[in-house]
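The values are calculated or read from the model by the stated rules, or taken from the named source; none is laboratory data. Here the structure is a predicted model, which means the values were calculated and not measured. Cβ coordinates were reconstructed from backbone atoms using ideal geometry, including for glycine residues, and neighbour counts include every protein chain displayed. Surface areas here come from the heavy atoms of the whole protein model, side chains and all, with no ligands, DNA or RNA. Shrake-Rupley method; radii C 1.70, N 1.55, O 1.52, S 1.80 Å.
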Amino acid sequence: MYNLIGAGLVVIGGGIGLGQIGGKAMEGIARQPEAAGKIQTAMIIIGALLEGLAFGALILGA
Amino acid sequence: MAVATKTIKFIAVLVLALSSFSVFAEGGDQDEKGNLIDSPEEIKEYIAHHLKDSHDFHLYTDNASGKHWGFSLPVIVWTKDGLKTFMSSAFHHDDQGKVVVEKGNARLVKLHSKIYELEAGAATVNFDESHHATNAHKVLDFSITKSVFGMLLAGLLMLLGFGALARSYKNGKSIPTGFGRVLEPLVIYVRDDIAKPNIGEKKYRKFMGFLLTVFFFIWILNLLGLTPLGFNVTGQIAVTACLAIFTMVIYMFSGSKDFWAHTLWMPGVPVILRPVLAVIELVGFVLIKPFSLLVRLFANMTAGHFVVMSLIALMITMKKSFGVVGSTGMSLVLALFITVIELLVAFLQAFIFTMLSSLFIGMAVEEHDHH
């Protein structure tokens with residue numbers, strides 16, 4: 001029961017983080033469309049790092 | 001040319017297989033009592049069974065005749081009586097430890113996809129209250145299981161494809177022919193967009209072999225996981241752990257002088273902090289970075305398979321409230337949608353694993369100008 005609540009919290013945190021990354025990347029691309037490739041790569045790396053953290057918490061919780 | 005044509009045929013079969021994942025549930029898979037799966041608990045069990053490795057391919061069970069479609073794989077086990085090999089069909093699809101296979105002095109049973117050897121004198125498996133076998137022990141299992149078969153298949157595909165690509169360069173032509181034309185841009189993508197920016201122009205060449213192998217290995221296995229054959233190789237934690245350990249060993253052993261200096265005795269911070277930082281950095285490089293690599297791939301693929309299987313199971317759970325056509329249509333549309341996303345995830349996870357590996361290698365081989 002408690003681990004389900006924890007999983008929900010992890011997903012909320014991960015969602016906020018991914019939203020921030022995606023939103024800022026979109027802003028960056030809109031401001032400088034020629035840098036889209038680089039921004040996208042950096043976005044995916046940061047997203048992957050965040051995902052690793054969230055999945056680690058989920059696996060340890062479950 | 002002949003090899004390239006064969007490869008294209010092979011890939012065509014693979015793509016055909018890819019397009020029919022939803023065949024899975026239509027067969028009406030059975031539980032061990034021979035009833036159709038219809039309760040949530042049975043569906044959960046079925047999905048959990050799919051996520052695990054197994055000793056045979058089970059494609060489809062004909063409900064009327066009780067016939068199983070699929071093929072068995074070789075079992076290679078090391079028992080107290082030495083090495084034993086036989087086909088997994090000897091177990092007759094039994095997974096409850098009921099069928100005993102006798103090989104010499106060893107009596108073997110299959111229980112929850114694991115092979116157990118009965119103790120001397122025991123004829124059947126006895127269980128305690130928590131359903132653990134009391135008179136049998138696990139054996140060293142070197143079997144060609146479904147996952148091992150998947151990895152061998154991926155290796156074979158890579159040998160065929162990249163062998164053809166390498167041969168087409170040998171003729172002195174700079175443009176590859178046949179299937180190599182599909183692979184060359186991917187190889188160049190890994191080199192120019194993953195290896196070069198992260199490792200650096202000077203040193204990237206040494207690591208290209210590993211990065212390319214890991215990239216295509218993970219990608220092909222992820223794609224195989226979307227076929228109805230039901231592979232879940234990159235969703236096995238042992239496989240991803242092994243890949244992450246390869247990365248870890250490579251960057252630890254190719255670390256430059258500056259890398260070790262910065263890890264063990266960080267310049268520019270108070271001396272009293274340096275041992276603390278050394279511990280943190282070492283734990284980071286030895287444990288945390290490989291752990292995040294292996295957990296990311298494992299969890300992503302497991303979660304993907306779980307979601308697809310659950311959506312396919314919707315056609316069973318929603319049958320009462322939406323009718324046969326409604327529930328099947330709903331689960332078909334949703335499963336198709338998620339499977340298309342999984343195609344993207346399959347590439348993305350291979351990309352991220354390679355990208356982070358090259359990032360870590362780049363950290364290790366970097367040399368600083370000292371001011």
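Ignoring any ligand, DNA or RNA, what whole percent of the accessible area of the protein assembly as shown comes from carbon and sulfur when the probe is 1.4 angstrom?
68 percent
Can you give the Kirkwood hydrodynamic radius for segment B:154-297, in Å, rounded to one decimal and based on Cα pairs?
17.9 Å
What residues have an amide H closer than 5 Å to that of B:ILE115, excluding those fewer than 5 places away on the same chain, when H is modeled at 1.01 Å from N in the peptide plane?
Amide H to amide H, under 5 Å and 5 or more residues apart or across chains, B:ILE115 pairs with B:VAL139.
Once you've got the GNM for chain B with C-alpha springs shorter than 10 Å, pick whichever of B:VAL214, B:VAL182, B:VAL99 has the biggest mean-square fluctuation.
Evaluated over chain B, the most mobile residue of the options is B:VAL182.
Please report, in whole Å³, the volume per residue of the convex hull around the C-alpha atoms of chain B.
Here the figure is 213 Å³ per residue.
Give me the net charge of B:MET87's neighbourhood, meaning all other residues with Cβ under 15 Å from the Cβ of B:MET87; Lys, Arg count +1, Asp, Glu -1.
0
Subtract the Cα-Cα distance of B:LYS170 and B:TYR189 from 0.36 nm times their separation in residues, and report this length gain in nm to one decimal.
4.7 nm
Could you order the peptides B:119-130, B:293-304 from most to least packed, using the average number of other C-beta atoms within 10 Å per residue?
Output ranking for B:119-130, B:293-304: B:293-304, B:119-130.
How much length, in nm to one decimal, is gained on full extension between B:VAL182 and B:HIS112, taken as 0.36 nm per residue of separation minus their Cα-Cα distance?
Length difference between fully extended and current span is 21.1 nm.
Skip the ligands, DNA and RNA, and give the accessible area per residue of the protein assembly as shown with a 1.4 Å probe, whole Å².
Per-residue value: 55 Å².
Given segment A:21-62, what whole percent of its Cα pairs are spread farther than 15 Å?
The share of Cα pairs beyond 15 Å in segment A:21-62 comes to 48 percent.
Counting protein heavy atoms only and a 1.4 angstrom probe, how many square angstrom of accessible surface do chains B and A bury in total, to the nearest 100?
1000 Å²
I'd like the mean, over residues of A:43-55, of how many other protein chain beta carbons sit within 10 Å of each residue's own Cβ.
Per residue, the number of nearby Cβ atoms from other chains is 5 on average.
Which one of B:PHE210, B:ASN171, B:LEU157 is farthest out on the positive end of the charge dipole of segment B:142-235, using unit charges on Cβ (Lys, Arg +1; Asp, Glu -1) and the Cα centre as origin?
It is B:ASN171, whose Cα lies furthest towards the positive end.
Taking the convex hull of the alpha carbon atoms in the protein assembly as shown, what volume per residue do you get, in Å³?
Taking only Cα atoms, the protein assembly as shown has a hull volume of 232 Å³ per residue.
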